[in-house]
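The values are calculated or read from the model by the stated rules, or taken from the named source; none is laboratory data. On a predicted model such as this, the values are computed, not experimentally measured, just so you know. We place every Cβ from the backbone using ideal geometry, glycine too, and count neighbours over all the protein chains shown.
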Amino acid sequence: MKNAIIGAVAACALAASLAHAAEKTKAKTDATALYKKNCAACHGAKMQGNPGMAKVFKLEPGLLDLKGKATAEKTDEALVKVVSEGSGKMPGYKKSLSAAEIAAVVAYFHPAAKAAPKAKPETKEPAKP
Ligand code: HEC
């Protein structure tokens, strides 16, 4: 019983911090607008992938699904890299979007990464040359 209460409290705290994080992101950049403008054509309005586009590209429709397990299991860093550099038929966005915009748009479709505990604590490493 005690555990259930602790669990509920933790879940509330997590929800509150997630809502807070979402607000902060929104204040800086409107991720919804960015997504709709740049990504929805291929990845679908609901991030489920656009089957018509998959056909045009001759791809598995699942490849455009940003809500699927395969994407959810990837790290934010890996997804930011794909969006920046591009991959296969996916265009890179580092020329058209700022790093903050790319981070915001990744957080928009990939909230799971924010909720999951970080694998290792963030340590400040000196920038590599
Ligand atoms: C012209 C169509 C197109 C547009 C526009 C597009 N994508 Fe993609 N995206 C793709 C394709 C195709 C893939 C699969 C790439 C591959 O084969 O590796 C992909 C893959 C991805 C992946 C990798 C998913 C995974 O699980 O590995 C991410 C993340 C992604 N796109 C995000 C975005 C975001 C964010 C935007 C908008 C800024 C965007 N895409 C715009 C076509 C597009």
Could you list, in sequence order, all residues of segment 72-98 that are in a loop (DSSP other than H, G, I, E, B) and over 17 Å from residue 62 (Cα atoms)?
75, 86, 91, 92, 93, 94, 95, 96, 97, 98
Any residue in segment 19-29 that is under 16 Å from the mean Cα position of the chain (by Cα), modelled with pLDDT of 60 or more, surrounded by 12 or more Cβ atoms within 10 Å (Cβ to Cβ) and hydroxyl-bearing (Ser, Thr, Tyr)?
yes
With the first residue restricted to segment 79-92 and required to be more than 9 Å from the ligand (Cβ to nearest atom), and the second required to be modelled with pLDDT of 95 or more and not in a helix (DSSP H, G or I), Cβ contacts under 7 Å at 6 or more apart or on different chains are 84/92; 84/93; 84/94; 85/92; 85/94; 92/86
Name the single residue that is nearest to residue 32 (Cα to Cα) among those in segment 42-71 being touching a helix residue (DSSP H, G or I) at 6+ places or on another chain (Cβ under 6 Å) and assigned to a helix (DSSP H, G or I).
43
